[in-house]
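**Student:** Can you keep this structure in mind? I'll have questions shortly.
The values are calculated or read from the model by the stated rules, or taken from the named source; none is laboratory data. As the structure is a computational prediction, the values presented were derived from the model and not from experiment. Virtual Cβ from ideal backbone geometry, glycine too; neighbours counted across all protein chains shown.
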Amino acid sequence: MVVQAVPVTLSTVVVAVDVGKTEFAFSVTDATRTLLLKPRTGCPMTGPSLAQVVADIARLLPIDAVVKVGIEAAGHYHRPLLMTGAWPGTWEVLELNPGHVTEQRRVLGKRTIKTDVIDLQAMTELLLAGRGQPVRDRSLVFGELTAWSAHRVGRVALRTATKNQLLGHLDRTFPGLTLALPNVLATKVGRLVATEFPDPARLAALGSSRFIRFGATRGLQIRRPVADRLVQAARDALPTTDAAVARAVLAADLALLDDLDAQVDQATEQLARLLPRSPFAPLLTVPGWGAVRAGNYGGALGDPARFDNHRQIYRTAGLNPIQYESAGRRRDSVISREGSVELRRALIDLGVGLWLSEPAAKVYGAQLRDRGKKGLVIACAMANRANRIAFALVRDQSTYDPSRWIREG
């Protein structure tokens, strides 16, 4: 259940906090918009500095003051100020959406002027308007899911770039290899050739029979047609002048690729370990949703109790369409893309999983295609379906029931 912020009253005092990497700025204002403490910038992000700030604020508070502390989300920089014990327990701590702060600057007529003081003014107005998400004690599992999910996504992206670079090296060391074995780095025999035979002359001299025995000594069974094709490609290869340099770099990149594979596998194992301990465990009962897809969703979403309904999550992901309505006429445009990129990618990936594995989603996708919808439109529709299913399962802590979603699809 979503925790609502305490209503603003005449006794409310708001503390706006703008966070940087190593410093923060703050101001203190009452409900009548009177500054109780002028904006102070350049405060170090340290324990003693924060304690001094709290003491300075406490000295000027009225006796019956109800304090709201609003902190603008700033990646991970602001997280130390959200920790339990950072502020007095009787003060309400709220997290402000940076997009809302930017919009409020526009309302104040200062859209193109961004300073710490103007940001504090915008945050003050948001707090007095009752905006902000109350900060809850985050379960450790949410932080772990976010960290391992981000780690895996980063390593997968780096692995993809490394593979592309490796293929370029192979084109110089062993021209024609990808014609004989199109997906070189995704097969065991391809990895063996790239590691042991970057010089095609060695493989050509070895021959098919000895190459098969060579693979057998390393626990790899190589079929005769594949061996013949690779040996022939080695004999037909045209040498290049920079092959020797490319082979040296290739060896280093292959070692890097092995390390990246190990890190991706480790992150996947950690996601599989964490999911059963989290509210996202029911997602594993949905066809096409494994540890990676469910873990990426959980890592991007964070605490699901922040959201009242699935529509809020969809908007947070930036998948809601841009709407324009005038004189009773409404036109929906492309998706807004305003929100969490990680959550948007996770929802689209969940939708793809449904599209590939869940019977009702396959039928729905075929219907959309028959209506002439393009692939990206279908992907967004599947993400919408996946979002509704995921929210319901996490909210109810129930397993997936196909009959329900055939009725509601």
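**Student:** Being assigned by TED's automatic domain parsing to the domain that holds A150, touching a helix residue (DSSP H, G or I) at 6+ places or on another chain (Cβ under 8 Å), without any contact (Cβ under 8 Å) to a residue 12 or more places away in the chain and under 24 Å from G154 (Cα atoms), is that true of even one residue in the range 236-253?
**Tutor:** No, every residue in the range 236-253 fails to be assigned by TED's automatic domain parsing to the domain that holds A150, touching a helix residue (DSSP H, G or I) at 6+ places or on another chain (Cβ under 8 Å), without any contact (Cβ under 8 Å) to a residue 12 or more places away in the chain and under 24 Å from G154 (Cα atoms).
**Student:** Separate question: Suppose we filter the range 221-243 for residues that are surrounded by 13 or more Cβ atoms within 10 Å (Cβ to Cβ) and either assigned to a helix (DSSP H, G or I) or touching an Asp or Glu at 6+ places or on another chain (Cβ under 7 Å) (or both); how many remain?
**Tutor:** Count: 12.
**Student:** For the range 298-309, check the following and say yes or no: at least one residue is over 23 Å from A150 (Cα atoms) and either modelled with pLDDT of 95 or more or surrounded by fewer than 16 Cβ atoms within 10 Å (Cβ to Cβ) (or both).
**Tutor:** Within the range 298-309, one or more residues are over 23 Å from A150 (Cα atoms) and either modelled with pLDDT of 95 or more or surrounded by fewer than 16 Cβ atoms within 10 Å (Cβ to Cβ) (or both).
**Student:** Using the structure shown, decide if R247 is in a helix (DSSP H, G or I), more than 30 Å from A361 (Cβ to Cβ) and of a type in the set (K, R).
**Tutor:** Answer is yes for this residue.
**Student:** Related question: From the residues in the range 1-41 that are within 34 Å of the chain's Cα centre (by Cα) and acidic (D, E), which one is farthest from P62 (Cα to Cα)?
**Tutor:** Result: E23.
**Student:** State all residues of the range 364-409 that are among the aliphatic types (A, V, I, L, M), farther than 17 Å from L343 by Cα and either at pLDDT below 90 or not assigned by TED's automatic domain parsing to the domain that holds G295 (or both); if no residue qualifies, say none.
**Tutor:** If the condition is that a residue be among the aliphatic types (A, V, I, L, M), farther than 17 Å from L343 by Cα and either at pLDDT below 90 or not assigned by TED's automatic domain parsing to the domain that holds G295 (or both), then V377, I406 are the ones that fit.
**Student:** Between a first residue in the range 305-325 that is polar (S, T, N, Q) and a second residue that is in a helix (DSSP H, G or I) and surrounded by 18 or more Cβ atoms within 10 Å (Cβ to Cβ), which pairs have beta carbons less than 8 Å apart while being 6 or more apart in sequence or on different chains?
**Tutor:** N309/F391; T316/L343; N320/Y314
**Student:** Here's a follow-up. Name the pairs whose Cβ atoms lie under 7 Å apart, with the first residue in the range 61-80 and modelled with pLDDT under 90 and small (G, A, S), the second surrounded by fewer than 19 Cβ atoms within 10 Å (Cβ to Cβ) and assigned to a loop (DSSP other than H, G, I, E, B), and 6 or more positions between them or separate chains?
**Tutor:** Matching pairs, first to second residue: A73/N97.
**Student:** I would also like to ask the following. Anything in the range 88-130 that is in contact with a helix residue (DSSP H, G or I) (Cβ under 8 Å, 6 or more places away or on another chain), farther than 20 Å from G75 by Cβ and in a loop (DSSP other than H, G, I, E, B)? List them, or say none.
**Tutor:** If the condition is that a residue be in contact with a helix residue (DSSP H, G or I) (Cβ under 8 Å, 6 or more places away or on another chain), farther than 20 Å from G75 by Cβ and in a loop (DSSP other than H, G, I, E, B), then P88, L108, K110, R111, I113 are the ones that fit.
**Student:** Filter the range 42-60 for residues that are surrounded by fewer than 16 Cβ atoms within 10 Å (Cβ to Cβ), in contact (Cβ under 8 Å) with a residue 12 or more places away in the chain and more than 23 Å from S11 (Cα to Cα); which is farthest from the chain's Cα centre (by Cα)?
**Tutor:** Here the residue is G42.
**Student:** Evaluate the range 194-210: report whether one residue or more is of a type in the set (D, E, K, R), part of a loop (DSSP other than H, G, I, E, B) and crowded, with 16+ Cβ neighbours inside 10 Å.
**Tutor:** Yes, that holds for at least one residue.
**Student:** Right, something else. Residues R385, R369, R395: which one is touching a residue at least 60 places away in the same chain (Cβ under 8 Å) and within 22 Å of G288 (Cβ to Cβ)?
**Tutor:** Being touching a residue at least 60 places away in the same chain (Cβ under 8 Å) and within 22 Å of G288 (Cβ to Cβ) holds for just one of R385, R369, R395, which is R395.
**Student:** Next question. Taking the range 254-276, which residues are aliphatic (A, V, I, L, M), within 25 Å of A180 (Cα to Cα) and without any contact (Cβ under 8 Å) to a residue 12 or more places away in the chain?
**Tutor:** A255
**Student:** Can I ask one more? For the range 30-41, does any single residue satisfy the condition of being of a type in the set (A, V, I, L, M, F, W, C) and more than 22 Å from K114 (Cα to Cα)?
**Tutor:** Yes, because at least one residue in the range 30-41 is of a type in the set (A, V, I, L, M, F, W, C) and more than 22 Å from K114 (Cα to Cα).
**Student:** Before we move on, is G70 among the small types (G, A, S), under 17 Å from S11 (Cα atoms) and part of a strand (DSSP E or B)?
**Tutor:** For G70, the condition - among the small types (G, A, S), under 17 Å from S11 (Cα atoms) and part of a strand (DSSP E or B) - is met.
**Student:** Filtering the range 207-258 down to residues that are within 16 Å of T173 (Cβ to Cβ) and basic (K, R), which residue is modelled with the highest pLDDT?
**Tutor:** Filtering first and then ranking leaves R235.
Listed here are the residues, each with its yes/no results for (1) more than 26 Å from N97 (Cβ to Cβ); (2) not in a helix (DSSP H, G or I).
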residue	(1), (2)
G339	no, yes
L354	yes, no
K362	yes, no
A366	yes, no
C380	no, no
A386	no, no
V394	no, no
